[in-house]
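Trainee: Quick one: this structure, given as structure tokens, is what I'll be asking you about.
All of the numbers you see were taken from the coordinates with simple rules; none came from a lab. Bear in mind the structure is a predicted one, so any value in this text is a computation, not a measurement. Cβ sites come from the backbone with ideal geometry, for glycine too, and all protein chains shown count toward neighbours.
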Amino acid sequence: MDTLPPFTAVVLAGGRAARLGGQVKPQLLVGGRPILAAVLGAVAAAERRVVVGPPQPVPADVVLLREQPPGGGPVAAIRAGLAEVGTDVVVVVAGDLPFLTADVVEGLRQRLTRDGVMAVDDTGRDQYLLGAWRTTALRTALTAARGPMPLRRVLAPIAAARWRPDLAPGDRPPWLDCDTPADLARARAMADGHLPPPPPAPPPVRPVARPSLVPRFQEPRGPD
């Protein structure tokens with residue numbers, strides 16, 4: 001039984017996908033189903049699921065709305081989605097993550113001990129559209145944003161933790177998005193079993209302190 005606080009899921013499913021022929025990107029098929037269907041499945045435990053983007057097929061229990069202005073980017077989309085959030089916790093994810101799983105979403109919720117937590121990919125890059133947030137903190141950050149701003153700057157004031165999900169051999173990376181034809185082809189090949197997932201990257205190696213090359217008698221000495 002889920003003992004974590006209830007949450008609302010806000011899925012950003014906008015964008016013209018100009019590099020993918022102008023199609024609605026979350027409706028592209030990976031593994032025989034729309035990417036958005038996979039994302040909505042990963043957040044099925046949400047008290048409410050909100051999709052922000054252009055008109056597109058969604059289940060009957062999913063709220064579909066449009067950001068203002070249409071195509072205004074992730075900050076405008078999150079702001080629109082937050083208007084439908086009535087829980088203290090909100091999970092914000094991109095709508096083009098074909099390999100997002102319920103386990104990753106739960107892992108983020110379990111690690112929400114500060115005002116936010118976001119996933120980090122195997123290169124150490126923050127995934128701003130794969131995170132869990134205190135609704136109040138996220139609303140405050142968006143209210144303080146003035147004019148067009150990149151999402152990373154809007155979220156910077158929030159005390160957020162980072163989490164790199166552990167991937168077992170054969171696991172598909174949950175942060176893999178489909179921005180380009182190459183991304184989409186790679187995701188489809190992984191889903192069909194024609195391309196193995198990349199091996200998990202090793203954890204970063206901490207530099208080892210090297211002994212001083214200065215002879216002992218030349219090293220500065222403290223007072224006797």
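Trainee: Could you tell me which numbered condition ALA182 fails, if it satisfies all but one of (1) free of Cβ contacts under 8 Å to residues at least 40 places away in the same chain; (2) farther than 30 Å from LEU29 by Cβ; (3) exposed (fewer than 13 other Cβ atoms within 10 Å of the Cβ)?
Mentor: (2)
Trainee: Taking interchain pairs and intrachain pairs at least six residues apart, which have beta carbon atoms under 6 angstrom, with the first residue in the range 101-114 and of a type outside the set (Ser, Thr, Tyr) and the second in a helix (DSSP H, G or I) and buried (at least 17 other Cβ atoms within 10 Å of the Cβ)?
Mentor: These pairs meet every condition: ALA102/ALA42; VAL105/ALA42.
Trainee: Among the listed residues ALA60, ALA76, ALA80, which satisfies the condition of being within 26 Å of ARG153 (Cα to Cα) and without any contact (Cβ under 8 Å) to a residue 24 or more places away in the chain?
Mentor: None of the others qualify; the one that does is ALA76.
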